[in-house]
1. Would you be able to tell me the number of residues in region 272-300 that are modelled with pLDDT of 95 or more, buried (at least 19 other Cβ atoms within 10 Å of the Cβ) and touching a helix residue (DSSP H, G or I) at 6+ places or on another chain (Cβ under 6 Å)?
2. Please state which one of 86, 136 is in contact (Cβ under 8 Å) with a residue 60 or more places away in the chain, buried (at least 18 other Cβ atoms within 10 Å of the Cβ) and more than 22 Å from residue 202 (Cα to Cα).
3. Filter region 11-51 for residues that are modelled with pLDDT under 95 and within 21 Å of residue 320 (Cβ to Cβ) and give the result.
4. Among the listed residues 350, 332, which satisfies the condition of being in a loop (DSSP other than H, G, I, E, B) and either over 25 Å from residue 282 (Cα atoms) or in the same structural domain as residue 137 (by TED's automatic domain parsing) (or both)?
5. Quick one: residue 180 ticks every box in (1) under 25 Å from residue 267 (Cβ atoms); (2) crowded, with 16+ Cβ neighbours inside 10 Å except a single one, so which number is it?
6. Just to be sure, is residue 246 in a helix (DSSP H, G or I) and over 30 Å from residue 122 (Cα atoms)?
7. So residue 250 clears everything in (1) farther than 22 Å from residue 423 by Cα; (2) modelled with pLDDT of 95 or more; (3) crowded, with 19+ Cβ neighbours inside 10 Å except one condition, right? Which one?
8. Just give me the residues in region 289-313 being assigned to a helix (DSSP H, G or I), within 17 Å of residue 232 (Cα to Cα) and free of Cβ contacts under 8 Å to residues at least 40 places away in the same chain, in sequence order.
């Protein structure tokens, strides 16, 4: 990509882990709405369950998650009590005892939980849901707080997939983002995971961080590939200090410009592909044989708030402060303030703060955007037929793609749109052409690349 094109597409658009995106949630979706949606659910539906643990030992300055810094364990214990109560609250409102196929813990840092607390929460889940024998139980893991004994406790609790945050191994970069995590520490944790039977390992890398260079991200990608995680996510740092005040601790003069960001993404991506990984969607990579690759090849890849997934569940129930759920009727989000969340669930209520009910147009456009983000191609005529509408309704959206077509990032053949390899980093921009809400709001988003 030339410098001119890199500068041309230095735009800010959503990440499209959902559609409609979170800035368009409103209080029109409330407790009563969520309870109604839960009660209407088909009892045969297989669920995905997400649990948010909003605590960390210290703040990483690049972090865009909802989390709180705690130095004592008592707040975590209190929160866990509320989380266990919410499991009962939600299960009581479902039409039957339902099956859970995927369990995922995010944060914050879920590995702040003690081993015995992992057993408590998983026992509670099994008491209220039928957890499939082959269920994926995934945990986002911070190597800085993990010991071999702790890894063993996770394995004994049933955890079978972990996602390890790395960002970068370079000490200068780590100091600039307030996350000191030597390569040797990460490698040791991966060894313990495999020793205790947790073979499904994801690793999260970042580009666009302060002091990162093309040579540096190539070295980072090579060292990561040598550890042979099954999946790698390569995220672009989203510098949004107007949303996350701690990001003001990062010196903006140390951040790479748009041309450097593009070069870093391109270099790291090529390094991972050369090491045997297959590119998946915008920014994920997986080893051949991984279920993500099968989902990609069979066009059943999905994208949600945790990134790309082979999880086919149509319902994601979010537990914990700020957690987002996805139901057939719409999105729903729990209240973020911890006291409000705890007061609600301890009183036997759902903790809904806001959400959005899907219109037919939302569902139509969600299908288009997910196809583009997952498969890098979409047949608008086929999707229109599925929804009983004319594909001509997409013509104004297709017109928005003309600059990308002229620059070789997108091709259009009739009503089939394909993102080229050159355009892969611009997938979010292609998707944004079909976002009916984007022009309505004033939300500020992260850079497209």
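The values are calculated or read from the model by the stated rules, or taken from the named source; none is laboratory data. Since the structure is predicted, the reported quantities are computational estimates derived from the model, not experimental observations. Every residue, glycine as well, gets a Cβ built from its backbone with ideal geometry; the counts of neighbours run over all protein chains shown.
1. Within region 272-300, residues that are modelled with pLDDT of 95 or more, buried (at least 19 other Cβ atoms within 10 Å of the Cβ) and touching a helix residue (DSSP H, G or I) at 6+ places or on another chain (Cβ under 6 Å) number 4.
2. Working: 136 fails: more than 22 Å from residue 202 (Cα to Cα).
The unique qualifying residue is 86.
3. 15, 17, 18, 21, 22, 23 - these are the residues of region 11-51 that are modelled with pLDDT under 95 and within 21 Å of residue 320 (Cβ to Cβ).
4. On the way: 332 fails: in a loop (DSSP other than H, G, I, E, B).
Checking each option against the conditions leaves just 350.
5. For residue 180, the exception is condition (2).
6. On the way: in a helix (DSSP H, G or I): yes; over 30 Å from residue 122 (Cα atoms): yes.
Criteria met by residue 246.
7. For residue 250, the failing item is (2).
8. Going through region 289-313, the residues assigned to a helix (DSSP H, G or I) turn out to be 291-297.
When the remaining residues are screened for being within 17 Å of residue 232 (Cα to Cα), the result is 291-296.
Scanning region 289-313 gives 291, 293, 294, 295.
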